[in-house]
Amino acid sequence: QPGSDAGPGRERRALVLDIVGKRGWYFLVSALVIVPGLISMIIAPGWITGDSGLKAGIDFSSGSVMNVTFRQPVEEEDIWNRMNELGHSEALIQRIGGTNFFIRTAILKEAIGDRPSEREVIESDLEHFLGMERDRVEFDTVSPIVAQETVKTAFYALAAASVFILFFVWYAFRRVPKAHRYGVSAILALVHDLLIILGIFSILGRVINLEVNSMFIVGLLIVAGYSVNDTIVVFDRIRENVSRSPDRDLATMINLSIMESMGRSLNTSITTLVVLLAMLFIGGNSIRELLLVLAIGAVAGTYSSIFIASQYLVMWDRGEIGRLFRRTPAATATMLWHLIGR
């Protein structure tokens with residue numbers, strides 16, 4: 001029967017783990033991940049520029065592009081190895097189709113005296129070692145303006161999508177008391193996930209020179225959709241349980257809902273993560289940043305959907321958010337410590 005699993009036995013099984021009661025620990029874990037990343041980005045102000053906490057790839061700086069064709073089949077790794085030998089390890093290589101490839105590098109130096117230009121050196125090397133057809137090379141120099149406009153447009157789109165998500169969730173949960181809180185909580189969980197990704201990439205940019213490119217922006221947009229979708233799954237179960245028992249304590253209903261939906265969220269995320277990690281290890285360099293963003297986003301999105309988003313509803317319902325902002329820093333720390341110790 002549809003409601004046969006909603007009895008007392010089901011609730012007792014669900015309440016074995018007190019997720020809501022330990023919410024202070026979850027915010028502490030998030031802070032330990034987010035704060036170092038924020039510090040890394042704040043140390044060098046800016047976003048995706050050469051001097052920011054995020055190390056910009058050549059997608060966001062001036063560069064040279066070559067569209068080349070080879071006589072026989074070659075792999076991206078073969079081309080990158082040759083470019084690396086020539087001192088262009090930053091090169092981005094993408095197969096367009098068949099034996100046709102797109103190669104982007106930092107701006108290539110022009111010829112000086114009897115010294116050939118870097119373009120000529122690259123073309124000669126690729127022709128000699130990989131059989132490139134020199135008469136079918138298209139060369140151009142590009143500006144970072146287009147890339148910067150793309151980044152700006154992407155963030156505008158993300159902001160617009162967040163507003164749409166807020167009102168959509170608000171409308172979808174309109175039959176639940178104080179439905180706007182669900183929309184705001186979903187957006188806060190989304191911001192939580194994006195800050196984790198930005199912070200981790202900022203730190204990795206400083207430690208291992210990991211660069212961000214256009215695939216990074218694509219990954220952020222995909223993670224935004226994934227994170228909100230997973231959050232709504234949990235919220236929908238909360239809505240069902242609250243509708244069945246409107247007089248019950250909200251925290252109890254949220255804890256029950258989390259336990260009921262946790263298995264589905266974890267199963268979906270684990271299978272997604274396994275595929276992403278497999279592609280990350282065997283995939284090409286051109287999509288490495290995208291796969292890494294998605295892998296981090298899958299973990300952060302699942303964590304926030306289960307342990308963060310729903311906790312905002314509890315804190316809001318109990319007035320803890322308002323008290324948190326009204327207290328002095330010392331009182332705030334005491335309150336957080338109380339939440340952790342519960």
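The values are calculated or read from the model by the stated rules, or taken from the named source; none is laboratory data. All values reported here derive from a predicted model rather than from experimental measurement. Positions of Cβ are backbone-derived with ideal geometry, glycine not excepted, and every protein chain shown enters the neighbour counts. Note: areas computed on protein heavy atoms with side chains; ligands, DNA, RNA excluded. Shrake-Rupley method; radii C 1.70, N 1.55, O 1.52, S 1.80 Å.
Assorted remarks:
- Tabulated pairs, region 228-245, first of a type in the set (D, E), second assigned to a helix (DSSP H, G or I) and at pLDDT 90 or above, C-beta under 7 angstrom, 6+ apart or interchain: D230/G301; D230/T302; D230/S305
- Qualifying residue in region 193-201 (condition: farther than 26 Å from L290 by Cβ and either among the β-branched types (V, I, T) or touching a Pro at 6+ places or on another chain (Cβ under 6 Å) (or both)): no
- Taken together, the residues in region 117-138 that are open to solvent by less than 70 Å² (accessible area, probe 1.4 Å) and not aliphatic (A, V, I, L, M) amount to 8.
- Filtered by the rule that a residue be farther than 12 Å from G98 by Cα, in a loop (DSSP other than H, G, I, E, B) and out of contact with any helix residue (DSSP H, G or I) (no Cβ under 6 Å at 6 or more places or on another chain), region 57-76 gives a lone residue, G57.
- Filtered by the rule that a residue be part of a helix (DSSP H, G or I) and open to solvent by 30 Å² or more (accessible area, probe 1.4 Å), region 295-319 gives V299, Y303, F307, Y312, W316, D317.
Residues are listed down the side, and each one gets a yes or a no for (1) within 18 Å of I287 (Cβ to Cβ); (2) small (G, A, S); (3) assigned to a strand (DSSP E or B):
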{"position": "W80", "(1), (2), (3)": "yes, no, no"}
{"position": "M83", "(1), (2), (3)": "yes, no, no"}
{"position": "G87", "(1), (2), (3)": "no, yes, no"}
{"position": "F102", "(1), (2), (3)": "yes, no, yes"}
{"position": "E110", "(1), (2), (3)": "no, no, no"}
{"position": "I122", "(1), (2), (3)": "no, no, no"}
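- When F167 is tested against (1) surrounded by fewer than 15 Cβ atoms within 10 Å (Cβ to Cβ); (2) within 21 Å of N209 (Cβ to Cβ), exactly one condition is not met: (2).
A quick yes/no check of all residues on (1) over 18 Å from the mean Cα position of the chain (by Cα); (2) surrounded by 15 or more Cβ atoms within 10 Å (Cβ to Cβ); (3) closer than 26 Å to L291 by Cα:
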residue: D230; (1), (2), (3): no, yes, yes
residue: P246; (1), (2), (3): yes, no, no
residue: D249; (1), (2), (3): yes, no, no
residue: I258; (1), (2), (3): yes, yes, no
residue: R264; (1), (2), (3): yes, no, yes
residue: T268; (1), (2), (3): no, yes, yes
residue: V274; (1), (2), (3): no, no, yes
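- Scanning region 89-100 for residues that are surrounded by fewer than 18 Cβ atoms within 10 Å (Cβ to Cβ) and assigned to a strand (DSSP E or B) turns up Q94, R95, I96, G97, N100.
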